Amino acid sequence: MSVFESPSFDDHELVHFASDATTGLQTIIAVHSTALGCACGGCRLWPYRSSEEALEDVLRLSRGMSYKNALAGISLGGGKAVIIADAAMKTAELMRAFGRVVERLGGRYVTAEDVGVTVQDMQFVAEETRFVHGLPHENRAGGDPSPYTAQGVFLGMKAALTHRFGRADFRGIRVLVQGVGSVGFNLCKILHAAGAELIVADVDGTRLERVKASLPVTIVGVADLVTQEADIYAPCALGAVLNDETIPVLKSGIVAGAANNQLARAEHGEMLRQRGILYAPDYVINSGGIINVWSEMNCLTKESVCEKISRIYDTALKIFKKADEQGSTSNRVADEMALALMQRKAT
Ligand code: NAD
């Protein structure tokens, strides 16, 4: 399958394939749009089964970044990188080789952390390129974006709780968290502090042990999570978890989580709506991390990051209300708002 035939190709500005024989690096970088600024989005390291699967992912994720950055009100375009590798293949040299690829693009794409990539990895990348963020700084924004992402997701959940159940209080609210990695674990901490009850699932036993050691959580199998009676389902692992199989059996009134591309297809937003389930569009509420990256680029303070993240609550509420008024889905309304912002800037 060529790039142009891919169902996820959306007139992307650039799709760059690169490899490095010495380290085994195989990477694809996609720049969806630079209408609002240089393309920025994380780098995902994942053992894709094929380069077609990796291409699909990077095309969808980079498009999502354009929409996310537009609605977050930050002057960045949408881009993303994927590295086809498993965790055992990840070495400092492989990350440096990736850094050299990013450098060769001359700033059209700026990278940061995503699934499978840590702050330490980005420090190796930074040895080879200026176009990297998510690096630690003493007295200003920067470092691991995931706590900021979790904070934004919490605010999006709060907006959904207010809109769907007329309350902003998390005491006694039961939340299903799928994936207790960087964002999911941080989200669990915030939810617990707010009084929520947590049911969690992860494919990685060490991640489950970590959360169990510090918080009162109930652990269930991944396949059993969505059928639990709960108020909120928070997908915080990978995408396409809202699909023909899961939506009919979901027992939560709200879906609000960090994972990118939660809807397997856009029409699954309508399926959720018909079941009376309020969906907080993923890229609207998971923008805290990229807001932190943008703030790092602009040498802003940590306080200003939190102030900008707090706006996620209002944006989410606005989308929910507009969707109700128009008899539309929250994902369609969010897409329309993001596209309008990109076109306004491009014209
Ligand atoms: P991570 O790799 O730290 O955590 C992901 C967790 O999900 C891991 O613990 C993994 O074992 C688990 N997992 C994988 N497959 C699973 C499955 N089928 N069921 C249950 N658990 C599963 O990644 P992260 O940084 O926490 O990101 C999580 C999601 O949020 C991703 O979709 C990512 O793109 C998105 N996101 C992350 C950020 C960020 O700041 N890190 C920002 C925006 C969006």
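Checking each residue in segment 118-176 for being open to solvent by less than 40 Å² (accessible area, probe 1.4 Å), part of a helix (DSSP H, G or I) and more than 30 Å from THR329 (Cα to Cα) picks out VAL119, ASP121, MET122, VAL125. Yes or no: GLU303 more than 16 Å from the ligand (Cβ to nearest atom), modelled with pLDDT of 95 or more and of a type outside the set (S, T, N, Q)? For GLU303, the condition - more than 16 Å from the ligand (Cβ to nearest atom), modelled with pLDDT of 95 or more and of a type outside the set (S, T, N, Q) - is not met. Applying the criterion of being near the ligand (Cβ under 8 Å from one of its atoms) and among the small types (Gly, Ala, Ser) to the residues of segment 183-205, the residue that is farthest from GLY221 (Cα to Cα) is GLY184. Looking at segment 171-182, can you tell me whether even one residue there is more than 16 Å from the ligand (Cβ to nearest atom), assigned by TED's automatic domain parsing to the domain that holds VAL255 and in contact (Cβ under 8 Å) with a residue 60 or more places away in the chain? Looking through segment 171-182, none of the residues is more than 16 Å from the ligand (Cβ to nearest atom), assigned by TED's automatic domain parsing to the domain that holds VAL255 and in contact (Cβ under 8 Å) with a residue 60 or more places away in the chain. Take segment 302-347 and flag every residue that is surrounded by fewer than 20 Cβ atoms within 10 Å (Cβ to Cβ), closer than 22 Å to HIS268 by Cβ and of a type in the set (Gly, Ala, Ser). Residues satisfying the conditions are GLY327, SER328.
One line per residue, one yes/no per condition, for (1) at pLDDT 95 or above; (2) under 24 Å from ASP282 (Cα atoms); (3) touching a helix residue (DSSP H, G or I) at 6+ places or on another chain (Cβ under 9 Å):
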position	(1), (2), (3)
ARG49	yes, no, no
SER62	yes, yes, no
SER66	yes, yes, yes
GLY79	yes, yes, yes
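Going through segment 262-286 one residue at a time, which ones are within 16 Å of the ligand (Cβ to nearest atom), more than 24 Å from GLY166 (Cα to Cα) and buried (at least 19 other Cβ atoms within 10 Å of the Cβ)?
Selection gives GLN262, LEU263.
Is it true that some residue in segment 99-113 is within 16 Å of the ligand (Cβ to nearest atom), acidic (Asp, Glu) and crowded, with 24+ Cβ neighbours inside 10 Å? Scanning segment 99-113 turns up at least one residue that is within 16 Å of the ligand (Cβ to nearest atom), acidic (Asp, Glu) and crowded, with 24+ Cβ neighbours inside 10 Å.
Where helices (runs of 4 or more DSSP H) fall wholly inside segment 202-274, the ranges with 3 or more residues that are basic (Lys, Arg) are 205-214. Condition test on GLU296, is it open to solvent by less than 10 Å² (accessible area, probe 1.4 Å) and charged (D, E, K, R)? The answer is yes for GLU296. Beta carbons closer than 6 Å, at least 6 apart along the sequence or on distinct chains, pair a first residue in segment 30-48 that is of a type in the set (Ser, Thr, Tyr) with a second that is open to solvent by less than 10 Å² (accessible area, probe 1.4 Å) and outside any strand (DSSP E or B) for SER33/SER66; TYR48/ALA54. With respect to ASN243, determine if the residue is touching a His at 6+ places or on another chain (Cβ under 9 Å) and polar (S, T, N, Q). The answer is yes for ASN243.
Exactly one residue among PHE131, PHE154 is at pLDDT 95 or above and not assigned by TED's automatic domain parsing to the domain that holds ASP231, and that residue is PHE131.
The values are calculated or read from the model by the stated rules, or taken from the named source; none is laboratory data. Values in this document were obtained by computation on a predicted structure and should not be read as measured data. Cβ atoms come from the backbone with ideal geometry, glycine included; neighbour counts cover every protein chain shown. Surface accessibility is based on the protein's heavy atoms, side chains included, excluding ligands, DNA and RNA. Shrake-Rupley method; radii C 1.70, N 1.55, O 1.52, S 1.80 Å.
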